[in-house]
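Please read the structure below before turning to the comments.
Just so it is clear, none of the values below were taken in a lab; they were calculated from the coordinates. In this text, all values refer to a predicted model and were calculated from it rather than measured experimentally. Backbone-built Cβ (ideal geometry, glycine too); neighbour counts: all protein chains shown.
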Amino acid sequence: MQLLTLPPSPSLATSIRATAQVFEDPKSQALLAHLQQVAPSEASVLIIGETGTGKELVARHIHNLSGRRNGPFVAVNCGAFSESLVEAELFGHEKGAFTGALGAKAGWFEEANGGTLFLDEIGDLPMAIQVKLLRVLQEREVVRLGSRKSIPINVRVLAATNVQLEKAINAGHFREDLYYRLNVVALNLHPLRERPGDILPLTRHFIRTYSERLGYGQVALSAEAERKLVEYGWPGNIRELENVIHHSLLTCRDGLVRAEDLRLSNLRLERQDDSTGANIGESAEELLQRAFRRLFEEHDGALYEKVEEGLLRAAYRFCHHNQVHTANLLGLSRNITRTRLIAIGELVVNKRRSQDSAIDNRVVHLSI
Ligand SMILES: Nc1ncnc2c1ncn2[C@@H]1O[C@H](COP(=O)(O)OP(=O)(O)OP(=O)(O)O)[C@@H](O)[C@H]1O
Ligand SMILES: [Mg+2]
């Protein structure tokens with residue numbers, strides 16, 4: 001298990017400050033490796049992920065691994081301010097620049113000088129401000145509102161979004177030139193349901209953190225509770241898992257978290273039901289055809305792999321992680337099932353076993 005402990009950094013954090021991180025699923029380990037590679041550079045990084053996937057935590061980690069770690073880390077939520085306010089906040093203002101500007105004030109760029117500026121929810125930035133932001137990034141200087149003097153700045157910009165900016169560009173809400181400027185490196189944070197190997201390590205991490213905070217002794221997790229956590233879809237991702245664990249610790253008894261202590265929402269299920277259009281009497285095949293059509297409309301590539309991976313994961317979970325049952329259900333040989341489960345990170349092999357998997361790979365090639 002990979003657990004990194006970071007010193008707390010001074011900041012204008014918008015959420016709880018993280019001090020430890022879990023990256024255990026193969027997808028998360030790949031992300032961590034990529035992150036460690038790009039962190040020391042000065043490149044702008046665009047962090048893309050659904051709500052609660054750890055975008056801010058990743059931004060802080062990049063800062064802490066960069067040469068700017070001793071400088072400030074300033075996190076700002078671009079969606080939380082009106083257009084006129086966000087401009088003054090970003091670039092600063094002089095006394096009397098607008099009604100209510102009683103004194104001069106440095107903006108976030110100046111505050112972050114020598115360090116990192118994290119622009120959260122960048123997709124919410126109004127178009128007029130996007131132009132100004134682009135200019136600041138190109139010229140590496142800011143001009144406060146109501147001033148003519150430009151101030152040189154030395155800031156690395158990290159941005160985050162939970163929406164597909166390409167779609168915002170096509171819809172005319174986001175500038176393409178700014179997108180390329182921010183997206184020198186893109187880090188995609190997978191939703192938690194696509195990196196199931198993180199669920200239990202994160203659970204243990206949150207149990208430890210919160211039981212310490214609550215002054216509890218050791219707290220264990222029942223096998224049934226584990227299964228419930230792994231099978232759930234986590235629409236709110238890591239933040240939701242954190243809240244569920246926190247809540248479960250408040251209600252659990254005798255130092256054991258049981259399945260009934262875990263309060264999971266059925267948001268995702270309801271949404272899925274809605275998306276089927278509630279066609280009563282529709283067969284599974286018909287439902288699948290419609291799901292495919294939607295996937296074709298929404299996806300731009302790698303669909304074959306995605307569908308195969310999704311099928312394998314679902315079957316493996318349905319069979320309670322039993323390889324033989326999964327193979328029977330799918331009508332595949334056990335070898336092929338095993339090889340593919342390893343390839344998608346559902347199954348971790350030890351050294352001796354990985355030799356088997358090389359053999360398995362050969363079997364796959366021969367049998368295709
Ligand atoms: N890899 C991780 N290991 C441990 N904790 C994590 C990890 N990733 C995220 N968290 C925790 O999950 C919570 C949500 O993370 P964070 O605020 O970074 O997500 P976000 O993507 O910025 O969410 P939002 O879109 O809602 O702003 C935080 O409390 C954070 O500490
Ligand atoms: Mg955030």
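The phi-based Karplus calculation (6.51 cos²θ - 1.76 cosθ + 1.60; θ = phi - 60°) puts the 3J(HN,Hα) values of the range 332-348 at 10, 6, 5, 4, 5, 4, 4, 4, 6, 5, 5, 4, 8, x, 7, 10, 9 Hz, whole numbers, x for Gly and Pro. For residue 73, nonlocal amide neighbours, meaning residues 5 or more places apart or on other chains whose placed amide H falls under 5 Å from its own, are 116. Residues whose amide H comes within less than 5 Å of that of residue 47, counting only those at least five positions distant or on another chain, are 159, 160, 161, 187 (H built at 1.01 Å from N in the peptide plane). Relative to the current alpha-carbon distance between residue 216 and residue 137, full extension at 0.36 nm per residue lengthens the span by 23.6 nm. Of the chymotrypsin sites (Phe, Trp or Tyr not before Pro) in the range 292-331, not one is in a loop by DSSP (not H, G, I, E or B) with at most 15 other beta carbons within 10 Å. Applying a DSSP loop filter and a limit of 13 other Cβ atoms within 10 Å to the trypsin sites (Lys or Arg not before Pro) in the range 49-128 leaves 95.
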